[in-house]
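The values are calculated or read from the model by the stated rules, or taken from the named source; none is laboratory data. Note that this is a predicted model, so its numbers are computed, not measured. Cβ placement follows ideal geometry from the backbone for every residue including glycine, while neighbour counts extend to all protein chains displayed. Keep in mind that these areas ignore ligands, DNA and RNA; they rest on the heavy atoms of the full protein, side chains included. Shrake-Rupley method; radii C 1.70, N 1.55, O 1.52, S 1.80 Å.
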Amino acid sequence: MEANEARDVKVLIADDHGIVRSGLRMLLERQDDIEVIGEAADGAEARDMAIRERPDLAILDVKMPKLTGLQATREIRAQAPDVSVLILSMYDDERYLFEALKAGASGYVLKAQADVELLEAVRAVERGEPFLTPEAQRALIKDVLGESAGRTDELTPREQEVVKLV
């Protein structure tokens, strides 16, 4: 590999639906700089694989058997803090977004928008930036301003970091 050549982003995909994993793999592997290093069908398998294989990024479905994507995110971030996590969800619900960020996820992508936003999210996370859709940014800002105005000491360090980046 030449010195000016970027290295491949190693990605783990976890979703309990095989067709979703296959579609995500096809989308990601079309990119020259992304390598899918594994797939998991449940949260426990995703956690174990992420800790063992140390991908750059784990893309986790929010709802999976054994461990949810949120539970797996917490455990991955605790045991392998160098592994970034993107949550993939069919739920356009602010509660999942907030819980994903609290768990340590770097972004939240809706499955309905994955064909458009997933690659952008992967690139943002690889640059060390969080990925939030404009809708998610508005929801987060509204929540912070509405419920936490003047009380930044009640935000976790991760929540403060995300608010600053937004």
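General observations
- D42 falls short on exactly one of the conditions (1) of a type outside the set (F, W, Y); (2) buried (at least 16 other Cβ atoms within 10 Å of the Cβ); (3) in contact with a strand residue (DSSP E or B) (Cβ under 6 Å, 6 or more places away or on another chain), and that condition is (3).
- Summed over the range 41-66, residues that are touching a Lys or Arg at 6+ places or on another chain (Cβ under 6 Å) and not charged (D, E, K, R) total 3.
- L88 falls short of the stated requirement of being among the aliphatic types (A, V, I, L, M) and either open to solvent by 10 Å² or more (accessible area, probe 1.4 Å) or more than 20 Å from A50 (Cβ to Cβ) (or both).
- When residues of the range 42-66 are limited to those that are hydrophobic (A, V, I, L, M, F, W, C) and either touching a Pro at 6+ places or on another chain (Cβ under 6 Å) or in a strand (DSSP E or B) (or both), the one farthest from E126 (Cα to Cα): L60
- Subset of the range 119-137 that is part of a loop (DSSP other than H, G, I, E, B) and open to solvent by 40 Å² or more (accessible area, probe 1.4 Å) - its residue that is farthest from R95 (Cα to Cα): R127
- Selected residue (criterion: most open to solvent (accessible area, probe 1.4 Å)) from residues of the range 103-117 that are closer than 19 Å to G23 by Cβ and not aliphatic (A, V, I, L, M): D115
- Some residue of the range 68-83 being among the β-branched types (V, I, T), surrounded by fewer than 17 Cβ atoms within 10 Å (Cβ to Cβ) and more than 23 Å from I141 (Cβ to Cβ): no
- Condition met for A44 (touching a residue at least 24 places away in the same chain (Cβ under 8 Å) and farther than 22 Å from V162 by Cα): yes
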